[in-house]
Amino acid sequence: MHIAEQFLADKLSNRKQLGNLRQLRTVDHSVDFSSNDYLGLARSTELNKIIQGNYELIQPKRNGSGGSRLLSGNTSFSEELEEYLAHLFQSEASLLFNSGYAANTALLSTIPQKGDTILYDELSHASAKDGIRLSFANRYAFRHNNLNDLEHKLKKAIGRIYIFVESVYSMDGDIAPLEQIIQLSQKYNSALIVDEAHSTGIYGKNGNGLCCEKELEQQVFARIHTFGKAMGIHGACVVGSKVLKDFLINFSRPFIYTTAMNNHSLLAIHSAFNFLEKNHHLKKELQKKVSYFNLLLSDTFGEDELYHHIPSKSPIQALIIQGNEKVKNVSNVLQEKGLDVRPILSPTVKKGQERLRICLHTFNSEKEIQKLFLEMKSAVQAIQ
């Protein structure tokens, strides 16, 4: 074996010994409690028919865009969609990206400059942390949703200051105290960036996110909206001022050197938001499922250090089960019972914060949710 391959094999072996080796697997017939398809749009046959029907009207048809937006990949349809999204998200401008990961890395690697400071919540998504690492700015994490720690670091920050948070966090499902963070950003003349990946679709008018629902959008420097979660499709956009958009077009390497999305993907974005506008009941149905789940778990998984539920008003729920092997064992039991619940292991989360990450959906029946609760209760009791 080549020395390079031996290094890779040794790293994989070490990860396997620690119990956190990642492996791909498919689950075709289980009840979905793991995907980010909160509103069921990814599996909606009705939405699929709308997308396909609208696509038949597009001329000329092309399988791909043929290049980056700055070369042959720009179309009138992409520009019209950006205008539509800017209006939807109540912003001056929007810029499309192929994914939320690409949008975060593009924004955070490009905007902050050498001598500036980025302060980011310690539970920020990996895409944000990767983008921040690519920046030449000073960077410091602050404790999760901790306003005192954020202000402590704001006092020491130099240059232009950027604060990065998520409106809804992907592991705990909790919500950022946006109003107070905005107050601090204004007090210290800093620019706030909010990742709305897990709030797009389920909060705000027609799914335009938590900042818009709270009428805070004009006080935020930039927002990232991802379409691959509640909207059930693919892609993302950055929204903000026209100056921000023009700067990203000119200086953002992930934008400049990436092949643009094709018209089918663009059409799917537009169709999904139009569909949601006509189906407001989906958001209400989701909240009913979230409330029911929290009610079931409230008296069973309380304050225990080893096993406890982190209650959330979002569809993302977490049951802490400390230790990679223990949480994997519980997940395996649930999988055998036909319930697709995935374990989140360290180092993806901190050691001691291993968990079942449970995602609730409009299509999960109360009977299925009750079954999940009872099977989790039984599986956890079995490992105690």
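The values are calculated or read from the model by the stated rules, or taken from the named source; none is laboratory data. Just so it is clear, the structure is predicted and the values come from calculations on it, not from any experiment. Glycine gets a Cβ as well: all are built from the backbone with ideal geometry, and neighbour counts include every protein chain shown. Heads up: the accessible areas ignore ligands, DNA and RNA and are worked out on the full protein's heavy atoms, side chains in. Shrake-Rupley method; radii C 1.70, N 1.55, O 1.52, S 1.80 Å.
Yes/no per residue for (1) closer than 19 Å to Leu119 by Cβ; (2) touching a helix residue (DSSP H, G or I) at 6+ places or on another chain (Cβ under 9 Å); (3) crowded, with 24+ Cβ neighbours inside 10 Å:
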| position | (1), (2), (3) |
| --- | --- |
| Met171 | no, no, no |
| Ile175 | yes, yes, no |
| Gln180 | yes, yes, no |
| Leu184 | yes, yes, no |
| Asp195 | yes, yes, yes |
| Lys205 | no, yes, no |
| Gly209 | no, yes, yes |
| Ile224 | yes, yes, yes |
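Results for (1) in contact with a strand residue (DSSP E or B) (Cβ under 6 Å, 6 or more places away or on another chain); (2) under 21 Å from Leu276 (Cβ atoms), shown as yes or no for each residue.
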| position | (1), (2) |
| --- | --- |
| Leu24 | no, no |
| His29 | no, no |
| Ser34 | yes, no |
| Asn54 | no, yes |
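Working only within region 17-64, note down all residues that are part of a loop (DSSP other than H, G, I, E, B) and of a type in the set (Asp, Glu).
Asp28, Asp37, Glu56
List every residue pair whose Cβ atoms lie under 6 Å apart, where the two residues are 6 or more positions apart in sequence or sit on different chains, the first residue falls within region 285-297 and is modelled with pLDDT under 95, and the second residue, located anywhere, is of a type in the set (Phe, Trp, Tyr).
From region 285-297, the pairs are Leu296/Phe373.
Which of the residues spanning region 269-283 are at pLDDT 95 or above and open to solvent by 10 Å² or more (accessible area, probe 1.4 Å)?
Scanning region 269-283 gives His270, Asn274, Phe275, Glu277, Lys278, Asn279, His281, Leu282, Lys283.
Among (1) more than 21 Å from Leu178 (Cβ to Cβ); (2) within 21 Å of the chain's Cα centre (by Cα); (3) free of Cβ contacts under 8 Å to residues at least 12 places away in the same chain, there is one condition Asn146 misses while meeting the rest; what is its number?
Only one criterion is unmet by Asn146, namely (1).
When only residues in region 149-169 that are outside any loop (DSSP other than H, G, I, E, B) and basic (Lys, Arg) count, which is nearest to the chain's Cα centre (by Cα)?
Checked region 149-169; the qualifying residue nearest to the chain's Cα centre (by Cα) is Lys153.
For Gly232, which of the numbered conditions (1) in a helix (DSSP H, G or I); (2) surrounded by 15 or more Cβ atoms within 10 Å (Cβ to Cβ) fails to hold?
With (1) in a helix (DSSP H, G or I); (2) surrounded by 15 or more Cβ atoms within 10 Å (Cβ to Cβ) applied to Gly232, the lone miss is (1).
Restricting attention to region 338-361, which residues are open to solvent by 20 Å² or more (accessible area, probe 1.4 Å) and more than 15 Å from Leu319 (Cβ to Cβ)?
Hits for region 338-361 are Gly338, Pro347, Thr348, Lys350, Lys351.
Has region 170-192 got at least one residue that is in contact with a Gly (Cβ under 7 Å, 6 or more places away or on another chain), modelled with pLDDT of 95 or more and part of a loop (DSSP other than H, G, I, E, B)?
No - not one qualifying residue is present in region 170-192.
So His144 ticks every box in (1) farther than 22 Å from Arg133 by Cα; (2) modelled with pLDDT of 95 or more; (3) not hydrophobic (A, V, I, L, M, F, W, C) but one. Which box is left unticked?
(1)
Can you find, within region 87-137, the residue that is most open to solvent (accessible area, probe 1.4 Å) among those that are at pLDDT 95 or above, part of a helix (DSSP H, G or I) and farther than 20 Å from Lys245 by Cα?
Checking each candidate, the answer is Arg133.
Would it be correct to say that Ser241 is open to solvent by less than 10 Å² (accessible area, probe 1.4 Å) and either more than 20 Å from the chain's Cα centre (by Cα) or within 29 Å of Leu134 (Cα to Cα) (or both)?
No; evaluated as a whole, the condition is false for this residue.
Every residue in region 248-262 that is hydrophobic (A, V, I, L, M, F, W, C) and surrounded by fewer than 16 Cβ atoms within 10 Å (Cβ to Cβ), please.
Selection gives Ile249, Phe251.
Could you tell me how many of the residues in region 353-384 are within 26 Å of the chain's Cα centre (by Cα) and among the β-branched types (Val, Ile, Thr)?
3
Can you tell me how many residues within region 297-337 are farther than 30 Å from Lys283 by Cα, open to solvent by less than 30 Å² (accessible area, probe 1.4 Å) and assigned to a loop (DSSP other than H, G, I, E, B)?
1
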